[in-house]
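The values are calculated or read from the model by the stated rules, or taken from the named source; none is laboratory data. Just so it is clear, the model here is predicted, and its values are computed rather than measured. Neighbour counts are summed over all protein chains in view; Cβ atoms, including those assigned to glycine, are modelled from backbone coordinates with ideal geometry. The area values use the complete protein model at the heavy-atom level, side chains included, leaving out ligands, DNA and RNA. Shrake-Rupley method; radii C 1.70, N 1.55, O 1.52, S 1.80 Å.
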Amino acid sequence: SFFQKQFETLHIAPFYAVPPIVFPVIGLGLAETAYERLVGGLRFFRRILAGEHYIEGDWVNVVICLARPDIIESVEYCRIRYDKDHFVLTGDTFTRDGVWVNNFHTDGSMYNEKARELEYFYKVGINRTGGYAMIQFAPQDAVPTQFVCRYFDETCDAPYITVGKRASYGFKKYNTKKRGELAVKVEAELKPFAISEIKKIPASPAARGN
């Protein structure tokens, strides 16, 4: 049903029967419309329902290419929000000096509640080149405050890894300059974490000289 689909997307499937119970007198059609507007328009309502699976908000991260694991390629300020029946990720990429490079947005996503993973396809820059990525959120037993993301861009010569931290549980109205400044500030904090994550990835046969 409509309600079950919406609640499963927000990962609160056991409660999908609540709207028809709450709105029985106005009919199922009006109940669906009212619920869709409530969930789609009120983020604090979604946060309450999602509980420890709440991933919406603003995030900052650093980007490292696996071919150059000791170098921070760029920093990013991104936003995850719920739109209709899935999560959307948008953001801006900056140089390490805070100069804007391009923006990006997802075309489709799927959130795995058990694994705490968000998979998505995205488009980047004015030419809208694309790629595929998977974000794993942490911690596993509370509202996520960090993530590790691996992505494969059609213009890149090797996979990339990004490590991020939550900047806000809401959506801040920062201009591009401010977003860049906030992204640059986390480089020193997140670089060791990113390098440690890269070391967990098994070396390819080429890298081992086989």
Are any residues in the stretch 93-109 open to solvent by 20 Å² or more (accessible area, probe 1.4 Å) and modelled with pLDDT of 85 or more, and if so, which ones? Thr95, Arg96, Asp97, Gly98, Val99, Trp100, Val101, Asn102, Asn103, Phe104, His105, Ser109
Quick one: Tyr82 ticks every box in (1) at pLDDT 85 or above; (2) more than 24 Å from Phe45 (Cα to Cα) bar one, so which box is it? (2)
Can you tell me which residue within the stretch 132-158, out of those that are closer than 15 Å to Val63 by Cα and open to solvent by less than 40 Å² (accessible area, probe 1.4 Å), is modelled with the lowest pLDDT? Asp153
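For every residue, the table says whether it meets (1) of a type outside the set (D, E, K, R); (2) farther than 14 Å from Tyr54 by Cα.
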site	(1), (2)
Ser109	yes, yes
Arg116	no, no
Met134	yes, yes
Phe137	yes, no
Cys156	yes, yes
Val163	yes, yes
Tyr174	yes, yes
Lys177	no, yes
Ala188	yes, yes
Of the residues in the stretch 110-128, those that are under 15 Å from Gly91 (Cα atoms), hydroxyl-bearing (Ser, Thr, Tyr) and either in contact (Cβ under 8 Å) with a residue 40 or more places away in the chain or open to solvent by 30 Å² or more (accessible area, probe 1.4 Å) (or both) come to none
For the stretch 189-210: of the residues being assigned to a helix (DSSP H, G or I) and modelled with pLDDT under 85, which is least open to solvent (accessible area, probe 1.4 Å)? Ile198
With closer than 23 Å to Leu182 by Cα and in contact (Cβ under 8 Å) with a residue 60 or more places away in the chain as the only criterion, which of Val99, Val88 stands out? Val99
I'm trying to understand the selection: among the residues of the stretch 47-92, which are of a type in the set (Val, Ile, Thr) and open to solvent by less than 50 Å² (accessible area, probe 1.4 Å)? Ile55, Val60, Val62, Val63, Ile64, Ile72, Val75, Ile80, Val88, Thr90
If I filter the stretch 140-155 for residues that are out of contact with any Asp or Glu (no Cβ under 6 Å at 6 or more places or on another chain) and over 22 Å from Phe193 (Cβ atoms), do I get at least one hit? yes
